[in-house]
Amino acid sequence: MVWIKVIEERDARGELKEIYGEIIRSRGKVANILKSHSLNPAALKAHLDLYMALMFGDSPLKREEREMIAICVSSANNCNYCRTHHGDALNTYWKDEEKIERFKSNWRDVVSNPRHHAMLEYAEKLTRNPDKVTREDVDSLRKYFTDREILDIALITAYFNFVNRIALGLGVEVTEEELRGYNY
């Protein structure tokens, strides 16, 4: 469900139909969060390009780490849509649904790796108190991360704050049917 009109795949025409086709070829299906952009195909395309670059593009961060950031940010924002989707994606790596649920509730109860702990502390602080992030916060990440990795952590954190607000602000909901059939 989305609180505004969306154009479904069967009703898409022109540029939107092409974008939907591209999404289906690469991802397996069109997520509700992307359908929420259907009235503005240019924004949908830009959103999709950013998402693919950050979550699937070239990065020294592992895919698993990117999904951990997605869930950390989405949990801090109480965005069930993204927390659920990215929990499902993270489970392709962890293969432990109970651990995923504990991670979504409180990542600190699950994460013991100091690298991941530092990454998620930074992502959560940038989400909850962006004006409180300091140079020292970034400098402390250098124990575990290169500057390129730090940039990617900040970009992924910012992206999920952006998309959480779209999902929450437009009432984008996840359904069991929507969760099935994605290419992670």
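The values are calculated or read from the model by the stated rules, or taken from the named source; none is laboratory data. Keep in mind that what you see is a predicted model, and the values were worked out from it rather than measured. Glycine gets a Cβ as well: all are built from the backbone with ideal geometry, and neighbour counts include every protein chain shown.
Criterion applied to 122, 93, 81 was being under 26 Å from residue 30 (Cβ atoms) and surrounded by 17 or more Cβ atoms within 10 Å (Cβ to Cβ), and the one residue passing it is 81.
Is it fair to say residue 155 is in contact with a helix residue (DSSP H, G or I) (Cβ under 7 Å, 6 or more places away or on another chain) and within 30 Å of residue 2 (Cα to Cα)?
yes
Just checking, does segment 1-21 include any residue being of a type outside the set (S, T, N, Q), assigned to a helix (DSSP H, G or I), touching a Lys or Arg at 6+ places or on another chain (Cβ under 9 Å) and under 30 Å from residue 103 (Cα atoms)? Scanning segment 1-21 turns up no residue that is of a type outside the set (S, T, N, Q), assigned to a helix (DSSP H, G or I), touching a Lys or Arg at 6+ places or on another chain (Cβ under 9 Å) and under 30 Å from residue 103 (Cα atoms). Selection over segment 23-41 of residues that are in contact with a helix residue (DSSP H, G or I) (Cβ under 8 Å, 6 or more places away or on another chain) and surrounded by fewer than 18 Cβ atoms within 10 Å (Cβ to Cβ) gives a count of 3.
Of the helices (runs of 4 or more DSSP H) lying entirely inside segment 33-129, the ones with 3 or more residues being without any contact (Cβ under 8 Å) to a residue 24 or more places away in the chain are found at 41-55, 80-94, 97-105, 114-128.
For (1) touching a residue at least 12 places away in the same chain (Cβ under 8 Å); (2) of a type outside the set (Asp, Glu), each residue gets a yes or a no:
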position	(1), (2)
133	no, yes
139	no, no
143	yes, yes
155	yes, yes
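Just one of the listed residues (52, 68) is at pLDDT below 95 and either surrounded by fewer than 16 Cβ atoms within 10 Å (Cβ to Cβ) or on the phi < 0 side of the Ramachandran plot (or both), and it is 52. The set of residues in segment 139-154 being part of a helix (DSSP H, G or I) and either of a type in the set (Gly, Ala, Ser) or surrounded by 16 or more Cβ atoms within 10 Å (Cβ to Cβ) (or both) consists of 140, 141, 149, 150, 152, 153, 154.
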